[in-house]
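Read the structure below first, then the notes.
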Amino acid sequence: MPKFVYDFTEGNKDLKDLLGGKGANLAEMTNLGLPVPPGFTITTESCRHYLEHGTLPEGLETEIDEHLAALEGAMGRKLGQPDDPLLVSVRSGAKFSMPGMMETVLNIGLNDESVAGLAAQAGDERFAWDSYRRLIQMFGKTVLDIDGDRFEDALEEAKRAKGVREDVELEAADFRALVGTFKNIVKHETGDDFPTDPREQMRMAMLAVFQSWNAPRAILYRRQERIPVDLGTAVNVCAMVFGNLGMDSGTGVAFTRDPASGHQGVYGDYLQNAQGEDVVAGIRNTVPLTELERIDKRSYDQLLDIMETLENHYRDMCDIEFTIERGKLWMLQTRVGKRTAAAAFRIACQLLDQGLIDADEAASRVTGDQLAQLMFPRFDTSAAEGARKLTKGMNASPGAAVGRAVFSSEAAVAAAERGEDVILVRRETNPDDLAGMVAARGVLTSRGGKTSHAAVVARGMGKTCVCGAEELEVDVKAGRFTAPGDVVVSEGDVISIDGTSGLVYLGEVPVQDSPVVQYFEGRLAASDGDELVTAVDRVMAHADARARMLVRANADTPEDAARARRFGAQGIGLCRTEHMFLGDRRQLVEKLILAETDEERFAALDALEPLQRADFEGIFEAMDGLPVTIRLIDPPLHEFLPDLTELSVKVALAGADADPQDRRLLEAVTRLHEQNPMLGLRGVRLGLAIPGLFMMQVKAIAEAAVARKEAGGDPRPEIMIPLVGAVQELEAVREEAEGVLRHVAESTGVAVHTLVGTMIEVPRAALTAGQIAESAEFFSFGTNDLTQMTWGFSRDDVEAAFFSRYLELGIFGVSPFETLDRDGVGRLVRIAVEEGRATRPDLKLGICGEHGGDPDSVHFCHEAGLDYVSCSPFRVPVARLEAGRAAI
Ligand code: ADP
Ligand code: MG
Ligand code: MG
């Protein structure tokens, strides 16, 4: 039979799955010999059983009785014993700390009889009645589900009646009266009397903890944090110690170092004559932990000793909860503490220097997401401090944005066209706001949480967003919003929003690059004395040394290529060529499409070729010595032509006088118009349908490479064919391309080694990768298209249309365009890797979708055996770090 209950002496910190984080760490501290009040933990398995069957597992009650008896034996008194009661706390504690679950109930075991025993033993009537009213209050609120305000109001009323302001000014008789009032509230609200049997109190509290696993707030939190739904929570039963026994008692929280900066020191808060929940509730002002040295030096010294023990033992920053009962220190909780991104890097390096962890572990203690946070532009701190704060909302999508407030998508688009920076302000956004969101520098909403439409779409676009700023009254019709203090912000007024903190400011707050970006840009050196930059530099060096995969960048211009290189890119994984057909060159594209004879067509192509050659030369130069994967033109041609509707109107209005050129163009645009452009004439299909188009590009690439070589450079071109679904498509292009490459080599007398490969972005390509590899020297997974085509939905449409709903429903934990869908799309990638390499063992494999910069997806690529990931220049450091971490 499984064991359902573990004494604190029986568990340890590695049993978090079974005992929850709190229980496992209480056991660990107990075994370290630290002063933890005795107790036991009821396993998560018991909770899972209860939630599944609605009954407690067989034998659980007996086991609890046995452990309770042992606890009573150790303490020398029984739970609720009338003349000297043992009291316990019943505490929830899942594997991951989870707001929204049931809170702890303290002082279980008190009733009308034992309250007298407690008073006599402590020699303190007031303390006993205060503890009793706390029990009814907490039990009523969390176990019996009574609105907590009912109790709070009664407490306030008692203070008002007595003419005092603080709880501490109430006396024994006042608390005794409050107990009566509270009991009446329970009776009134539930129809039952407050349960006086201590064992029944304990049982009810335990069941309430179990049930709270499925409280709506807990469910929502798990969904957002991607915590599995079926873990369940443990329940900890712990002998009470009392911080409310007078001024030589108290309770506090502490960190073993500063969770914001990582600096060592004494960080925490302390509250005299109080029980634990008072600190969190903020009922009275706490004092800084350093004050404890003056209040109770012995406990303070002991606490510092314990903090050092814990840090050395956990080899990490810990946070702790403690209580002092009449000069005796008790430890009530510890765990590895949450920290800011900057502190994570600093602490990792400090622990490394202290010899507590090695370099591998230091790198595993930080994440790419944390690094990304450190790279977002931010508001100038001193300026932000001086700026007028309007409110604080939720930090939905990080960054700093400044612009004039606009209240509609149309206004945002119009302003952006005039070249103005705007912030789109809405109560909440919906799919109609998409164009406005694209046009705006940032998005501010007064409703909705982190999975609201605004938040999801903004994150997907990498756009700064503050959502759910509930203090704002947004009046879209009137074109203004009101902030606390009756500040009115009208359309056109400048505001600044901080997507990292959620703060909203009136007026313009200057934006600056983060020091970490300055470092990656080479403007700030690791030796310049910025502690954070030095830490980032050290971690990155180790990650680079460990990484098996290389990191390349998606870059289309020499400027982007150069920036990517400064950020550590080891090549270009995706150079798109679309922009090489835009601007003045549009006319040439029109000529190409309108060509009626081969001569006309080739004349247009010949005019385009030298222009593109110059583009490629610049990129090869910026990436000299490193591979550059160039994707031949991919999007449907009509994207380079005038808009169908506009042109139709123009021709229709002109009637008989219409320009014949326009008429022909309209014909062509109509002919090329597609219902589903994403699935239409694009990629390799275009290359095969329009003779000469791809080969013009191949020639431009080859000649650019020759020119670079003649100039003493080291160009490394890789030609990539998009949207291939069948090896025959690739073969046709490849044969022609090889002809062009040979011709250029012969005519110039300069040979440049050039690879020809393909994107794998159509499911069929992945499924026939073994055949395709016969004709491809490399594969690059285009996971944006592969995701669209595998799921059968268009990224451009669905994110705005229904993704937030899907996230709410838990259909995805995260958008498959953000993090690679391992089960579906990932499966196709694995098949293609395996079958491609079976055909061609030295096949080069990479990924060039947006996923190349996403931490989880980078780990997937490492596991799948890819040679490199490619991502936007700005994400290169993140991918480098994660490539290193994946290899550890
Ligand atoms: P949370 O997970 O919300 O921190 P806890 O179970 O840690 O909940 O308990 C809430 C508060 O009650 C904490 O301040 C904790 O230190 C205090 N507490 C819990 N158990 C005891 C106990 N046995 N004696 C005294 N205080 C306790
Ligand atoms: Mg706690
Ligand atoms: Mg594609």
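Please compute the contact order of the chain in relative form: average sequence separation of alpha-carbon pairs under 8 Å and at least six residues apart, divided by the residue count, as a percent.
Details: 1816 pairs, mean separation 78.7, N = 888.
Reported relative contact order: 9 percent.
Beyond 27 Å, what share of the Cα-Cα pairs of segment 5-241 is found? Please give it as a whole percent.
Here the long-distance tail beyond 27 Å is 37 percent of all Cα pairs in segment 5-241.
On full extension of the chain, what length is gained from Asp197 through Glu508, given 0.36 nm per residue of separation minus the C-alpha to C-alpha distance? Intermediate values should be presented prior to the final figure.
Numbers: separation 311, 0.36 × 311 = 111.96 nm, distance 6.24 nm.
Contour length minus Cα-Cα distance gives 105.7 nm.
Going down the table (Lys22/Lys392; Lys162/Lys183; Lys13/Lys450), which pairs top 29 Å between alpha carbons? Can you show the working numbers first?
Numbers: Lys22/Lys392 31 Å; Lys162/Lys183 20 Å; Lys13/Lys450 32 Å.
Check vs 29 Å cut-off fails for Lys22/Lys392; Lys13/Lys450.
Suppose R0 equals 41 Å. What FRET efficiency, 1/(1 + (r/R0)^6) with r the Cβ-Cβ distance, do Asp659 and Glu735 give to the nearest 0.05?
On the way: r = 41 Å, r/R0 = 1.00.
The calculated FRET efficiency here is 0.50.
Suppose R0 equals 45 Å; then what is the FRET efficiency for Glu169 and Glu473 from their Cβ-Cβ distance, rounded to the nearest 0.05?
Details: r = 39 Å, r/R0 = 0.86.
With a Förster radius of 45 Å, E is 0.70.
Expressed as a whole number of Å, what is the distance separating the alpha-carbon centroids of segment 585-627 and segment 105-184?
83 Å
Measure out, as a whole number of angstrom, how far apart the alpha-carbon centroids of segment 340-373 and segment 776-855 sit.
30 Å
Determine, for each peptide in 510-520, 772-782, the mean count of other beta carbons within 10 angstrom over its residues, then list the peptides with the highest first.
Values: 510-520: 19.1, 772-782: 25.0.
Averaged packing, sorted descending, gives the order 772-782, 510-520.
Nearest 500 deg cm²/dmol is fine: what mean residue ellipticity at 222 nm does the chain get from its DSSP H runs of n ≥ 4 alone, each adding -39,500 (n - 2.57), divided by its residue count?
Working: 37 runs with 408 residues, N = 888.
That calculation yields -14000 deg cm²/dmol at 222 nm.
Could you work out how far helix 727-748 tilts from the main Cα principal axis of the chain, as a 0 to 90 degree angle to the nearest 10?
60 degrees
State the antiparallel share, in %, of DSSP beta bridges confined to the chain, rounding to the nearest 5. Let's see the in-between values first.
Working: 63 of 100 bridges.
Here the share of antiparallel DSSP bridges comes out near 65 percent.
Packing-wise, with mean Cβ within 10 Å as the measure, how do 836-842, 823-829 rank, highest first? Kindly include the intermediate steps, with their values, before the conclusion.
Details: 836-842: 14.7, 823-829: 19.0.
Highest-to-lowest ranking by the protection proxy: 823-829, 836-842.
What is the order of Ile64, Ile108, fewest Cβ neighbours within 10 Å to most?
On the way: Ile64 22, Ile108 28.
In order of increasing Cβ crowding within 10 Å: Ile64, Ile108.
How do 302-312, 873-883 rank on mean C-beta neighbours within 10 Å, highest first? Mind dumping the intermediate values first?
On the way: 302-312: 18.0, 873-883: 26.9.
Listed from highest to lowest mean packing, they are 873-883, 302-312.
Once Rh is set to the Kirkwood radius over Cα pairs, what Stokes-Einstein translational diffusion coefficient, in µm²/s, holds for the chain at a temperature of 10 °C and a viscosity of 1.306 mPa s?
After rounding, the answer is 50 µm²/s.
On a full-extension model of 0.36 nm per residue, what is the gain between Ala435 and Glu674, subtracting their alpha-carbon distance, rounded to one decimal in nm?
Details: separation 239, 0.36 × 239 = 86.04 nm, distance 2.18 nm.
Length difference between fully extended and current span is 83.9 nm.
Straight-line reach from Lys338: which aspartates and glutamates have a Cα under 16 Å away, not including same-chain ones fewer than 8 places off?
Glu225, Asp258, Glu311, Asp316, Asp319, Glu321, Asp369
Fully extended, how many nm does the chain gain between Ile227 and Ala689 (0.36 nm per residue separation, minus their Cα-Cα distance)? Don't skip to the end; give the middle numbers.
Details: separation 462, 0.36 × 462 = 166.32 nm, distance 4.94 nm.
Value of the extension gain: 161.4 nm.
Taking R0 as 35 Å, what FRET efficiency do you get between Arg326 and Ala116 from their Cβ-Cβ distance, rounded to the nearest 0.05?
Numbers: r = 20 Å, r/R0 = 0.57.
E(calc), rounded to 0.05, equals 0.95.
All of the numbers you see were taken from the coordinates with simple rules; none came from a lab. In this text the structure is predicted, and so the values were computed from the model without any measurement. Here Cβ is always computed from backbone atoms with ideal geometry, including for glycine, and neighbour counts include all displayed protein chains.
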